[in-house]
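What follows draws every value from the coordinates through simple rules; no lab data is involved. Every value quoted in this text rests on a predicted model; they were computed, and no experiment measured them. Neighbour counts are summed over all protein chains in view; Cβ atoms, including those assigned to glycine, are modelled from backbone coordinates with ideal geometry.
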Amino acid sequence: MISLIILSIASAVFCHWQAGRRGADRVYWGLMGVFFGPLAIPVLLIRHR
């Protein structure tokens, strides 16, 4: 359980950071990282090249 929480937080931080670098909405992608975990990362990276 704890590992899932840590994974979600890490995904949210990474998505938030990458969205800022790519000119996307940081809050939106941070929330996607929380809700979808690591599945949000490739979507962000593909959508916002």
Axial C-alpha extent at least 18 Å, average Kyte-Doolittle at least -1.0 - helices from the chain (DSSP)
2-22
With just the Cα atoms of the chain, tell me how far they stretch along each of the three principal axes, in Å, largest first.
33, 16, 12
Within 14 Å, Cβ to Cβ, of residue 13, how many net charges do the neighbouring residues add up to if Lys/Arg are +1 and Asp/Glu are -1?
+2
